[in-house]
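Visitor: A single structure is presented below for examination.
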Amino acid sequence: MSDLTFRNAEESDVGLILEFIRKLADYEHRLDEVIATEESLKKWIFDKKQAEVIFAVVDGKEIGFALFFLSFSTYISNVNMHLEDLFIDVEYRGNGYGKALLKQLAKIVVERGYGRFEWTCLSWNKPSIDFYLSLGAEKKDWNVFHLTGDALKQLADD
């Protein structure tokens, strides 16, 4: 893995970020849910700085990405890195690149003094769950809820 490097995304990478988001959504059987655009990614990641993206690079080619943002924990009174997306291209899996990308993110958490590194995983994705547990991650008993579209507007209007 001496050929693996990491680089932070730049504004000119929005097309590549969207490509990785679509690849991940396809893997998760949720491609029809992707409404992200290059313009929306530019706005929220680069203009408003609400998220960051790191690419895993092998031989000058981006082979994976991680998109993360900060959340806040009242219990520990500190910010957390929330990993929203992590994806390694299929042909590069099984070589330790996913673990190396997680390790790079963990280094960022430690260097920046964040309190925790957290993410969610689809309940059917047993290979990923097993992988995360092998790293020492704890599986919490939280349920994730989303409000979007009409349901969000209805709650806001009530």
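Visitor: Which order do 76, 45 take when ranked by solvent-accessible area (1.4 Å probe, heavy atoms of all protein chains), largest first? Walk me through the numbers on the way to the answer.
Guide: Working: 76 75, 45 15 Å².
Final ranking, largest accessible area leading: 76, 45.
Visitor: Can you bin every Cα-Cα distance in segment 1-40 into 10 Å intervals starting at zero and give me the percent of pairs per bin, rounded to whole numbers?
Guide: All Cα pairs, binned at 10 Å, distribute as 26, 41, 28, 5 percent.
Visitor: Give me the percent relative contact order of the chain, please, defined on Cα pairs under 8 angstrom at least 6 residues apart. Please list the in-between numbers first.
Guide: On the way: 168 pairs, mean separation 27.7, N = 158.
Value for the chain: 18 percent.
Visitor: Of the listed pairs 48/99; 103/126; 42/107; 49/139; 23/107; 61/99, which have alpha-carbon separations greater than 24 Å here?
Guide: Numbers: 48/99 29 Å; 103/126 20 Å; 42/107 26 Å; 49/139 29 Å; 23/107 26 Å; 61/99 18 Å.
With Cα atoms farther than 24 Å apart: 48/99; 42/107; 49/139; 23/107.
Visitor: Quick one: which residues, 5+ away or cross-chain, put their amide H under 5 Å from the amide H of residue 84? H built at 1.01 Å from N.
Guide: Here the answer is 67, 68, 69, since their amide H atoms fall under 5 Å of that of residue 84.
Visitor: While we're on this one: For segment 80-135, take every pair of Cα atoms, bin their distances at 10 Å starting from 0, and report each bin as a whole percent.
Guide: Histogram of Cα-Cα distances, whole percents per bin: 20, 55, 23, 2.
Visitor: If you build the convex hull over the alpha carbons only and average its shadow over all orientations, what do you get for the chain? Give it in nm² to one decimal. All intermediate terms of the calculation are to be shown ahead of the outcome.
Guide: Values: hull surface 44.7 nm².
Orientation-averaged projected area of the Cα hull: 11.2 nm².
Visitor: For segment 1-105, run through the chymotrypsin sites (Phe, Trp or Tyr not before Pro) and keep only the ones in DSSP coil with at most 12 other Cβ atoms within 10 Å of their Cβ.
Guide: Values: sites: 6, 20, 27, 44, 46, 55, 65, 68, 69, 72, 75, 87, 92, 97; in loops: 75.
Sparse-neighbourhood loop chymotrypsin sites (Phe, Trp or Tyr not before Pro): 75.
Visitor: I'd like the accessible area for residue 47: 1.4 Å probe, protein heavy atoms, all chains in place, Å² to the nearest 10.
Guide: Per-residue accessible area (residue 47): approximately 90 Å².
Visitor: Probe radius 1.4 Å, ligands and nucleic acids left out: which of 57, 110 has the largest accessible area, and how do the rest follow? Write down the numbers at each step before the final one.
Guide: Values: 57 15, 110 115 Å².
The most accessible residue leads, giving 110, 57.
Visitor: Using a Gaussian network model of the chain with C-alpha springs under 10 Å, which one of 83, 105, 133 is most mobile by mean-square fluctuation?
Guide: With Cα springs under 10 Å in the chain, the top fluctuation among 83, 105, 133 is at 133.
The values are calculated or read from the model by the stated rules, or taken from the named source; none is laboratory data. Here the structure is a predicted model, which means the values were calculated and not measured. As a convention, Cβ positions derive from the backbone with ideal geometry for all residues, glycine included, and neighbour counts pool all protein chains shown. Surface accessibility is based on the protein's heavy atoms, side chains included, excluding ligands, DNA and RNA. Shrake-Rupley method; radii C 1.70, N 1.55, O 1.52, S 1.80 Å.
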